[in-house]
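A.B. asks: Please see the structure below; I have some questions.
No value in this document is a laboratory result; all are computed from the given coordinates. Since this is a predicted model, take the numbers as computed values, not measurements. Methodologically, a virtual Cβ is constructed for each residue, glycine included, from the backbone with ideal geometry; neighbour enumeration extends over all protein chains shown.
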Amino acid sequence: MTERKHPVLYLAIPCYNEEEALPVTAEKLLEKFGQLTERGSISEKSRIVFIDDGSKDGTWQVIAKLHEQDPVFRGIRLSRNCGHQRALLAGLMTLRNECDAVISMDADLQDDINAIDGMVEQYCDGCEIVYGVRKDRATDTAFKRSTAQGYYKVMRAMGVDMVYNHADYRLMSRRALEELSGYEEVNLFLRGMVPMLGFRTGEVYYSRAARMQGESKYPLRKMLAFAFEGITSLSVKPIRMITFLGFFIFLVTLGMLLYVLIRHFLGYTVVGWTFLAVSVWGIGGLQLLGIGIVGEYIGKIYLETKHRPRYHIEKYLK
Ligand code: UDP
Ligand code: MG
């Protein structure tokens, strides 16, 4: 490894149907790279790598053309759409042996690319991981903002260590990536996994812009699925909560039994129909919920035991 100055920096950028955004993104990043190399902050061997996550539009053609025009651009094409997290991991794992550090970011440049300077600086100061953290969420809708904030709170309560307001914009050193490669789970939630690595970390603050081209590839449905994935991949607390709930209900039932017996001996046998019906539905519902959550974890175990590859790379233009 070269010393911690002048690192060979790779950018890993997952792209799904981003043909509109890519040319703008590429131009801006090229300019940024120009500044950084000129100043000697990064090596001329640094590269910008787009990972095409099985796009259905002309994204790959755009990447191939960029690569032809300027070898600073590279492209990795996955054989099909595997989702943002896997595409990102494919990039990180493919590139980790070629460079000193990788910065992962989104193709739409919502995350301020000027934060790269600070990330590289902190890397040179010895940080293995540098998190990009949003200063505010002014450009998000009120809905996205409040759901996101609630989510961080829930995750914290579930015992998952996450960096507040940090998405997947971060620098990871070769060392950190090597350690990450030991995490073999197929249920991926990178922003919850990376803090588990430890090491010396840093943070760079930036404000997030609105998406310029194209539309969000994360509709509410995908967002909810992703949030749920985060909880069930990293925490067993929900199962424990069900156990407590079950125990609590058992206690209540004991009390109820006593109550029912007393009523019986006092002769009020018909009273309590409504109560009974509500109890049956209530307990039934809770049981189904419990089974569902336990099932969710069993599903995860099932997927993990298969040890299937998490992505397939079709081509690597380098
Ligand atoms: N993305 C991907 N595969 C997918 C969905 C999204 O690689 O199946 C990429 C997308 O191209 C973008 C990044 O993941 O670079 C984040 O997506 P987006 O900006 O749409 O999400 P948002 O910022 O709205 O959360
Ligand atoms: Mg975005």
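A.B. asks: Just order 118-127, 49-58 by mean Cβ neighbour count inside 10 Å, highest at the front, would you?
C.D. replies: 49-58, 118-127
A.B. asks: Can you tell me how the stretch 184-239 classifies by the Cα gyration tensor, rounded, prolate or oblate, using a/c under 1.5 as the rounded cut?
C.D. replies: oblate
A.B. asks: For the chain, modelled as a Gaussian network with Cα springs under 10 Å, which listed residue fluctuates most, 166, 67, 264?
C.D. replies: Among 166, 67, 264, the largest GNM mean-square fluctuation belongs to 264.
A.B. asks: Identify which of 133, 278, 160 has the largest mean-square fluctuation in a Gaussian network model of the chain, with springs joining Cα atoms closer than 10 Å.
C.D. replies: 278
A.B. asks: Can you give the Kirkwood hydrodynamic radius of the stretch 58-100 from its Cα pairs, in Å with one decimal?
C.D. replies: This gives a value of 11.5 Å.
A.B. asks: A further question follows. Which of the pairs 135/300; 28/144; 28/135; 237/300 have their Cα atoms more than 24 Å apart in this structure?
C.D. replies: From the list (135/300; 28/144; 28/135; 237/300), the Cα-Cα distance tops 24 Å for 135/300; 28/144.
A.B. asks: List the residues whose amide H sits under 5 Å from the amide H of residue 51, counting only those 5 or more places along or on another chain, with H placed 1.01 Å from N in the peptide plane.
C.D. replies: 13, 15, 76
A.B. asks: Write down the percent of antiparallel bridges among all DSSP beta bridges whose residues are both part of the chain, to the nearest 5.
C.D. replies: Just about 35 percent of them are antiparallel.
A.B. asks: A further question on this structure: Taking the chain as a Gaussian network, Cα atoms linked when under 10 Å apart, which of 284, 75, 214 shows the biggest mean-square fluctuation?
C.D. replies: 284
A.B. asks: If you take the charge dipole of the stretch 98-168 about its Cα centre, with +1 on Lys and Arg Cβ and -1 on Asp and Glu Cβ, which of 146, 133, 122 is farthest toward its positive end?
C.D. replies: 146
A.B. asks: What is the magnitude of the charge dipole of the stretch 197-245 about its Cα centre, with +1 placed on the Cβ of each Lys and Arg, -1 on the Cβ of each Asp and Glu, and no other charges, expressed in debye to the nearest 20?
C.D. replies: Around 40 debye, computed over the stretch 197-245.
A.B. asks: Please report, to one decimal in angstroms, the Kirkwood hydrodynamic radius of the stretch 229-318 built from all distinct Cα-Cα pairs.
C.D. replies: Answer for the stretch 229-318: a Kirkwood hydrodynamic radius of 17.1 Å.
A.B. asks: List the DSSP H helices in the chain whose Cα atoms stretch 24 Å or more along the helix axis and whose mean Kyte-Doolittle hydropathy is at least 1.0.
C.D. replies: Membrane-span-like by this criterion, though nothing is claimed about a membrane: 237-266, 273-305.
A.B. asks: Go ahead and collect, in residue order, the members of the stretch 214-257 whose backbone nitrogen is under 20 Å from a label point 7 Å along the Cα-Cβ direction of residue 144.
C.D. replies: 214-230
A.B. asks: Choose one of 58, 294, 183: the residue whose Cα lies farthest towards the positive end of the charge dipole of the chain (beta-carbon charges +1 Lys, Arg; -1 Asp, Glu; about the Cα centre).
C.D. replies: So the residue we want is 294.
A.B. asks: Can you grab the distance from the C-alpha centre of the stretch 104-154 to the C-alpha centre of the stretch 277-318, Å, no decimals?
C.D. replies: 29 Å
A.B. asks: Using DSSP to call loops (not H, G, I, E or B), can you name the GluC sites (Glu not before Pro) in the stretch 192-229 whose Cβ has at most 13 other Cβ atoms within 10 angstrom?
C.D. replies: Sparse-neighbourhood loop GluC sites (Glu not before Pro): 215.
A.B. asks: 222 nm [θ] for the chain, helices only, -39500 (n - 2.57) per DSSP H run of 4+, per residue, to 500?
C.D. replies: -16000 deg cm²/dmol
A.B. asks: If you place +1 on the Cβ of every Lys and Arg and -1 on the Cβ of every Asp and Glu, how big does the dipole about the Cα centre of the chain come out, in debye to the nearest 20?
C.D. replies: So the magnitude is around 980 debye.
A.B. asks: Take the chain, compute every pairwise Cα distance, and split them into 10 Å bins from 0; I just need the percent in each bin.
C.D. replies: 5, 23, 29, 19, 9, 6, 5, 3, 1, 0
A.B. asks: Moving on. Only counting other Cβ atoms within 10 Å, I'd like 129, 103, 298 sorted with the fewest neighbours first.
C.D. replies: The most exposed by this proxy come first: 298, 103, 129.
A.B. asks: How much length is gained on full extension from residue 152 to residue 211, taking 0.36 nm per residue of separation minus their Cα-Cα distance?
C.D. replies: Length difference between fully extended and current span is 19.0 nm.
A.B. asks: Sticking with this one: Describe numerically, in nm with one decimal, the distance between label points set 7 Å from Cα along Cα→Cβ at residue 164 and at residue 4.
C.D. replies: 2.7 nm
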